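The values are calculated or read from the model by the stated rules, or taken from the named source; none is laboratory data. Model, not experiment: these values are computed from the prediction. We place every Cβ from the backbone using ideal geometry, glycine too, and count neighbours over all the protein chains shown. To get the accessible areas, we keep the full protein, side chains included, count just its heavy atoms, and leave off ligands, DNA and RNA. Shrake-Rupley method; radii C 1.70, N 1.55, O 1.52, S 1.80 Å.
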Amino acid sequence: MTETLVGGVLAAVLALATRQSLLGHDVTVIYPRKPAVPVAAELDARFPSDVRRVELTYRGRVATLRDLRVAIRGADRDMDVLHLHSTFAGIAGRLPFVRVPDGCVVAYSPHGFAFLRESSSAVSNLAALALERVLKPRCDGLILVSPSEEAVARTRLGESHCDVLQNGIPVDGLPRAHGSGNPRPVVVASGRLGEQKGPDRFAEVARALGDRADFVWIGDGPREGRERWMGDAPVRLTGWLSHEDVIAQLAASDIFLFPTRWEGMPISLMEAQVMGLPAVATDIVGNRDVVLSGETGYLCSDVPDLIAAVSSLVDDPLERSRMSARALEVQRDRLSDIDLGTASIQVYDRMAARVSDPMSS
């Protein structure tokens, strides 16, 4: 169950559901239809036919909180696992008055802790941290998508029941990036226009280097968001594209710039690296589990570092080629989802064992 079925959460849930269904398990995905959720035809094409989808009408956060609780009550009484994806679903599924069948394992994957959001105030982050601590006993364990996210859970939440189920992607369908073929390299980002993805940082880099490279943002957001985040920056917005078209745009690019503020383990960055795009990303949880800094890209601490790293790649096609070759060499194996189904069932089994025998932990 998830509150959103877009971007990285969509890709993560899709990979997990696909791999589990291929093993013969019955999988249902519950989600509200928000404006950015792909149309039904695209979801039909991407999800296996035997993965059941339960789509709710999005009616605002308070109403959707109630709708998700009702959906849990109406779910199959033979449900063995309730896996909550993202913060809001994690709240909805762990409230004290939510009931699941006896013996059902409740797992929670935050896909980026809300209390790590750089854009939020210190008070908001403390409140988010406090809420996570209060709700911690209401699930049977956290499933984190990267080792660095697990480290945060253990140190900030004191969580001992952690398992890492590293995000993976279906690598076989991804083409090798062939580049733009233009004298001016194409620097690309992918995601929704919002604080998390750092479009304002992308715009700063574009303003600094727009005389030497072309900058493209794959995705979109509300008009006020476009004006707020991009302003007069020399950035072309593609609008929302199908996943197939996103991959085609990535393949025709030269550098992937990922200036995000918080992450779990980002799918779009993984796709870019598997395709052989050199990446420049912020040095945060999740990103540092994907990019091999100095080998397949650069991890940067601030905007000046981002500008310097992108500038060096814009001016040095040999370095771009070296990093591309290294990414193609190692990232396909590192980031594949081929073992995701089996690994996830093993995690659920460990959680079930703890539930049946608490002393075993």
**Study point:** Peptides ranked, highest mean first, by Cβ atoms within 10 Å: ranges 313-320, 338-345
**Key:** 338-345, 313-320
**Study point:** Inter-centroid distance (Cα atoms) of the stretch 238-276 relative to the stretch 7-86, Å
**Key:** 23 Å
Exercise for review: Compare the peptides 25-31, 120-126, 41-47 by average per-residue count of other Cβ atoms within 10 angstrom and give them in order, highest first.
Suggested key: 25-31, 41-47, 120-126
Exercise for review: Quickly estimate the mean residue ellipticity at 222 nm for the chain, helices only: each DSSP H run with n ≥ 4 gives -39500 (n - 2.57), and the total goes over all residues, rounded to 500.
Suggested key: -13000 deg cm²/dmol
Revision key, fill the gap. For His83, the residues 5 or more places away or on another chain with a placed amide H closer than 5 Å to its own amide H are Ala107
**Study point:** Inter-probe distance in nm under a simple model that places probes 7 Å from Cα toward Cβ, at Leu318 and Arg176
**Key:** 2.1 nm
**Study point:** Packing-based order for 159-165, 147-153, using average beta carbon neighbours within 10 Å, highest first
**Key:** 147-153, 159-165
Study note, to complete from the structure: Of the accessible area of the chain, computed with a 1.4 Å probe and all protein chains kept, carbon and sulfur make up a percent value of 52 percent
Review point. For the stretch 14-166, what is the charge dipole size about the Cα centre, in debye to the nearest 20, if Lys and Arg each add +1 at the Cβ and Asp and Glu each add -1 at the Cβ?
Key: 620 debye
Exercise for review: Hey, can you grab everything whose amide H is under 5 Å from the amide H of Phe258? Only 5+ residues off in sequence or another chain; H modelled, so Pro and N-termini drop out.
Suggested key: Val280, Ala281, Thr282
Point to revise | Size of electric dipole in the chain: Cβ of Lys, Arg +1 and of Asp, Glu -1, about Cα centre, debye, nearest 20 | key: 1000 debye
Review point. Which percent, to the nearest 5, of DSSP beta bridges fully inside the stretch 140-255 are antiparallel?
Key: 10 percent
Practice item. Name the residue farthest towards the positive end of the dipole of the chain from the options Pro110, Ser268, Phe97, assuming +1 on Cβ of Lys and Arg, -1 on Cβ of Asp and Glu, about the Cα centre. Key: Phe97
Point to revise | Positive-pole candidate from Ala45, Ala248, Thr64, dipole of the chain, charges at beta carbon | key: Thr64
Check your understanding: When all protein chains stay in place, what accessible area (Å², nearest 10, 1.4 Å probe) is found for Val62?
Key -> 120 Å²
Study note, to complete from the structure: Across Ala12, Ala63, Ala281, the residue with the highest GNM fluctuation in the chain (Cα network, 10 Å cutoff) is Ala63
**Study point:** Signed unit charges on C-beta, dipole axis of the chain, positive-most listed residue Val6, Ile30, Gly173
**Key:** Ile30
Revision key, fill the gap. Which residues qualify? For Ile30, with a placed amide H closer than 5 Å and at least 5 residues away or on another chain, they are Thr2, Val54
Review point. Can you give the % of DSSP beta bridges in the chain that are antiparallel, to the nearest 5?
Key: 5 percent
Check your understanding: Taking a ≥ b ≥ c as the square roots of the eigenvalues of the Cα gyration tensor of the stretch 172-270, is the shape rounded (a/c under 1.5), prolate (a/b larger than b/c) or oblate?
Key -> oblate
Study note, to complete from the structure: Counting only protein heavy atoms and rolling a 1.4 Å probe, one gets per residue an accessible area for the chain in Å² of 43 Å²
